[in-house]
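What follows is a set of notes on a single structure, which appears directly below.
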Amino acid sequence: MKKNILIPLLSAALFLMASPVFSAGGHDGHGSGGKGGSASACKTTVISHARPEHLATVAPQSEFSFWVTGITEPDLVEVTAKKIPVELTVEDKENFFLFTGKLPESLKGTAARIQVSVNFKKCPAEKGWLLKISE
């Protein structure tokens, strides 16, 4: 009879010990904007207000823009369009930096991922979005 009670008690104890581990793992960095996908990823460097929006169709050499908050040096930001480096202009708007760039001339009749990387050692961030480029 003691054997019948011991197995459920041990199972319940193991379950209770393991459940905090699984619940602490949570959503593993979803929406953090940080590199590496760790649950403790930095949330102060934020890339937002990407224009044109994801999956928009644009003309060749179109302009795009985005904001970055949480940094003091705009030189930390690098952008590529379909892995081609893009030159940026920057405006300091007090609470954020406004970055503007143009799609490379060679990109026509294709899709291109705009990839933004903030190489801030304390709080790195990455974000990207896809644009369809007309002929």
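The numbers here are math on the coordinates, done by the rules we state, and not lab data. The structure displayed is predicted, hence computed values, not measured ones. Note: ideal-geometry Cβ built from the backbone for every residue, glycine included; neighbour counts use all protein chains shown.
Here are the numbers for this structure:
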quantity: Contour minus Cα-Cα distance for T44 and L130 (0.36 nm per residue); calculated: 28.6 nm
quantity: Local net charge near A111, Cβ-Cβ under 9 Å (Lys/Arg +1, Asp/Glu -1); calculated: +3
quantity: Links that overshoot a 23 Å alpha carbon limit, given the list K43/K82; K83/K132; K82/K121; calculated: K43/K82; K82/K121
quantity: Around E53: net Lys/Arg minus Asp/Glu count, Cβ-Cβ under 15 Å; calculated: +3
